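Quick notes on the structure that follows.
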Amino acid sequence: MTMVQGTFDDLGTPLASVSFVVVDLETTGGSPAECGITEIGAVRVRGGEVVGEFQTLVNPGEAIPAFIAVLTGITDAMVADAPRIESALPAFLEFAAGSVLVAHNAGFDISFLKAAARRTDHEWPRFPVLDTVHLARQLVRRDEVPNHRLASLARLFRSTTTPDHRALHDARATVDVLHGLIERVGNLGVHSLEELLDYTARVSPARRRKRHLADDLPDQPGVYLFKDGDGRVLYVGTSVSIRTRVRSYFTASEHRRRMGEMVRLAESVSPVVCATTLEAEVRELRLIAEHKPRYNRRSRHPEKALWVKLTVEPFPRLSVVRTVADDGARYLGPFGSRQSAEAAVAAVHEVLPLRQCVERLSPTRPRSACALAEMGRCGAPCTGAQGVDEYAEVVERAAELLAGGTRDLLVALQERMAELSAGQRFEDAQVVRDRLVALVRGATRSQRLDPLARIPELVAARRSVTGGWEVVCVRHGRLAGSTTSPRGADPMPYIAALRASAEVVAAPVAPATAATAEESEKVLRWLESPGVRVVEVDGPWTCPVAGAAAVREELEPLEASRRRTAGFAGVR
């Protein structure tokens, strides 16, 4: 047997000779696309020794939210004379050149740096990146620390610096955490940079052995179903290439814990090839609803959708129901949870004296008033103080709200929020805002789905990446069929064949469609995507110009910004 002596290259780069630059950022929020950097702190270490530090405040070119200023201590006044990112970023890149970048929750910091590089037309160097959160989750047990946040790990490894949401201080603490983790991984036989990077992205041998499950899968768009040894569906997914996507589950690119557990249980993968990407997305939804796989988190229970109904009776009220009936009532929704449906109802009650009692009232048999009537929140039709015609005026305004006329409601609720905020009742003001958002979302959904539900057939086409056409047939909001025509071929015969073979769909009671709301919304997004051409439509397809969608466009960016700010502290 011939023995071959390994070279030093085979051993990899010893960790003692690697330059690590540990970096931390402070920002104005959680989105690298919309928020700016306010501070960069970095420490360069080699062989366990600090060889340099970098720190600068950065003028983000925007106001720092009050919550962020309280969290970090960085104010608008502090960054007023600081350099802009156009000059701060090149200085940092020069400091970090030739190193391995390290950060705690590296995805956050690196995404901001890359976004800054794109905005300032700087080429982003191909730094190796090491995430101390990811490494700590593999090396530090939960009985050692309550969580893997920087402060907890800094205490565990006796860092000389306490993290305080200032960039350089947090970078110094991360250095101590990095050294503690390297010491632990060294005890496991990891001594080179290559071994360390491979360790952080390690894949178990058992997981690698299952790569054969993808060998015979088609390289086509469609749906794939992971199944256990008894044929039970564990997980349903979709991809433009079934084989490529399934292969990724057996590599380091798949790092979700529940997916690792799912792969350990999987014994087979069944493909469902689809003619178009839309068909694949719809089939995925239907299969998830049918099998309710334990490892799919979304779309498992579309039957639990709820609607808000304005009842048909002498004194109508709002009620949360599960189905849309052909009873002449006005419906709003659907809503994904009872909480959101009830929030929408509460939004209407905030501004309209609509009765909230659940009994069926008679105009000829009055009874005693409830507390809401005594508070002036209801016109008390129960006592006879408000007649059918007078109450009908309130009902008409409620019907307008449910039909999407939310502009007046928006003004009224904004005045209510301002009143509460002026009285320093900020939590109550936020409750009112959440109710408004729930109502506007429900009204927008109804207005978008209602026209589609009423259309017996809509045929549309879009150029495919292969040069032909993707064609879909939609009936009452349900995908009834799809096909593709080859490059250079006349698509009309394919369209005729599709219409003849498409699923027969019974007309639903609008605004409910003949499919789940999630399926119909996927269909709508496809129909509204660039390049789609409507071939034929049986009936009008319109949405009101001054509907709820316009109000939602105003609310959603503000709501998204609020959620990012609220979750910012938990990220770090």
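In this structure, residue 528 does satisfy being farther than 16 Å from residue 280 by Cα and either within 30 Å of the chain's Cα centre (by Cα) or aromatic (Phe, Trp, Tyr) (or both). Against the test of being modelled with pLDDT under 90, polar (S, T, N, Q) and out of contact with any His (no Cβ under 8 Å at 6 or more places or on another chain), the options 192, 159 yield a single qualifying residue, 192. The listed residues are 229, 222, 189, and the only one of them that is surrounded by fewer than 17 Cβ atoms within 10 Å (Cβ to Cβ), of a type in the set (Gly, Ala, Ser) and outside the structural domain of residue 56 (by TED's automatic domain parsing) turns out to be 229. The residues of segment 96-110 that are surrounded by fewer than 17 Cβ atoms within 10 Å (Cβ to Cβ) and either aliphatic (A, V, I, L, M) or modelled with pLDDT of 95 or more (or both) amount to a single one, 97.
Can you tell me which residue in segment 154-188 is nearest to residue 42 (Cα to Cα), limited to those that are without any contact (Cβ under 8 Å) to a residue 40 or more places away in the chain and hydrophobic (A, V, I, L, M, F, W, C)? The extreme case among them is 173. I'd like to check something: does segment 527-540 contain any residue that is polar (S, T, N, Q) and assigned to a loop (DSSP other than H, G, I, E, B)? So far as segment 527-540 goes, yes, one or more of its residues are polar (S, T, N, Q) and assigned to a loop (DSSP other than H, G, I, E, B). Here is a check on your reading of the model: is residue 160 loosely packed, with under 13 Cβ neighbours inside 10 Å and of a type in the set (Val, Ile, Thr)? So residue 160 passes the test. Just one of the listed residues (142, 172) is over 29 Å from the mean Cα position of the chain (by Cα), basic (Lys, Arg) and either in a loop (DSSP other than H, G, I, E, B) or under 18 Å from residue 56 (Cα atoms) (or both), and it is 172.
When 350, 374, 390, 400 are screened for being out of contact with any strand residue (DSSP E or B) (no Cβ under 6 Å at 6 or more places or on another chain), loosely packed, with under 14 Cβ neighbours inside 10 Å and at pLDDT 70 or above, only 390 passes.
Residues that are among the aliphatic types (A, V, I, L, M), surrounded by fewer than 17 Cβ atoms within 10 Å (Cβ to Cβ) and within 28 Å of residue 176 (Cβ to Cβ): does segment 48-65 have at least one? Yes. Count, please, the residues in segment 86-136 that happen to be hydroxyl-bearing (Ser, Thr, Tyr) and either closer than 26 Å to residue 150 by Cα or touching a strand residue (DSSP E or B) at 6+ places or on another chain (Cβ under 7 Å) (or both). Here the count works out to 3. As for segment 545-565, it holds no residue that is within 28 Å of residue 306 (Cβ to Cβ), surrounded by fewer than 18 Cβ atoms within 10 Å (Cβ to Cβ) and modelled with pLDDT of 90 or more. For the residues 126, 84, the requirement of being basic (Lys, Arg) and surrounded by 14 or more Cβ atoms within 10 Å (Cβ to Cβ) singles out 84.
Among all residues of segment 63-71, there is none that is in contact (Cβ under 8 Å) with a residue 60 or more places away in the chain, within 18 Å of residue 35 (Cβ to Cβ) and over 27 Å from the mean Cα position of the chain (by Cα). Residue 123 meets the stated requirement of being under 20 Å from residue 99 (Cα atoms), free of Cβ contacts under 8 Å to residues at least 12 places away in the same chain and acidic (Asp, Glu). Look at (1) in contact (Cβ under 8 Å) with a residue 40 or more places away in the chain; (2) surrounded by fewer than 21 Cβ atoms within 10 Å (Cβ to Cβ) and you find that residue 150 fails only one, number (2).
Kindly establish whether residue 427 is at pLDDT 80 or above and either assigned to a helix (DSSP H, G or I) or within 17 Å of residue 329 (Cα to Cα) (or both). The answer is yes for residue 427. Among the residues making up segment 415-431, none is loosely packed, with under 11 Cβ neighbours inside 10 Å, of a type in the set (Gly, Ala, Ser) and within 26 Å of the chain's Cα centre (by Cα). Residue 470 - would you say it is surrounded by fewer than 22 Cβ atoms within 10 Å (Cβ to Cβ), within 20 Å of residue 281 (Cβ to Cβ), acidic (Asp, Glu) and touching a residue at least 40 places away in the same chain (Cβ under 8 Å)? No, not satisfied. Of the strands (runs of 3 or more DSSP E) entirely within segment 208-323, those holding at least 1 residues that are under 30 Å from residue 361 (Cα atoms) and without any contact (Cβ under 8 Å) to a residue 40 or more places away in the chain occupy 306-310, 318-321.
Condition check ((1) modelled with pLDDT of 90 or more; (2) in the same structural domain as residue 283 (by TED's automatic domain parsing); (3) of a type in the set (Val, Ile, Thr); (4) not in a helix (DSSP H, G or I)) across all residues:
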{"site": "473", "(1), (2), (3), (4)": "yes, no, no, yes"}
{"site": "488", "(1), (2), (3), (4)": "no, no, no, yes"}
{"site": "500", "(1), (2), (3), (4)": "yes, no, no, no"}
{"site": "504", "(1), (2), (3), (4)": "yes, no, yes, yes"}
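The values are calculated or read from the model by the stated rules, or taken from the named source; none is laboratory data. Remember, it's a predicted structure, so these values are computed and weren't measured experimentally. With ideal geometry, Cβ positions are generated from the backbone for all residues, glycine too; neighbour counts draw on all protein chains shown.
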